[in-house]
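The values are calculated or read from the model by the stated rules, or taken from the named source; none is laboratory data. Model, not experiment: these values are computed from the prediction. Virtual Cβ from ideal backbone geometry, glycine too; neighbours counted across all protein chains shown.
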Amino acid sequence: MPTMGEKLWEVAKSPPQNLTILVFGLFALLAGFLMRTYSVLLITTLGATATMIPAVTFVSAALGGIGAFFVVVSLFLGAFAGLGDSDHVAVRVAALIAGLVVLIFLL
């Protein structure tokens, strides 16, 4: 039975699946950012009390964390998928640097 690492390695070899993980992560990041930005507006529009602000902030932070995790996983797996190829070294290095930047600043 394949382990989780072997399954992730197979996902990395398939560009459409890797792109799906990246798009899911970017949408989760966007949803978390928009929710955090408009949390007060959401609460006043919904007519809820001010006690819901920490809950909305927590959900927005969770969405941002999940999105950042999937973006980092996608960038790292995409960078390491073609280790034997020497054609796209600059693209792989750029993906690794972008993954590190996301890892440092968003997680």
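Structure notes:
- Boolean, Val59 is closer than 18 Å to Gly32 by Cα, at pLDDT 80 or above and of a type in the set (Val, Ile, Thr): yes
- Filtering region 8-35 to residues that are modelled with pLDDT of 75 or more and under 13 Å from Val73 (Cα atoms) leaves Gln17, Asn18, Leu19, Thr20, Ile21, Leu22, Val23, Phe24, Gly25, Leu26.
- When restricted to residues that are modelled with pLDDT of 75 or more and either surrounded by 13 or more Cβ atoms within 10 Å (Cβ to Cβ) or of a type in the set (D, E, K, R) (or both), region 93-107 contains 8.
- First in region 36-55 and modelled with pLDDT of 75 or more, second anywhere and of a type outside the set (Ser, Thr, Tyr), Cβ under 7 Å, 6 or more apart: Ser39/Ile53; Ser39/Val56; Met52/Ile43; Ile53/Ile43
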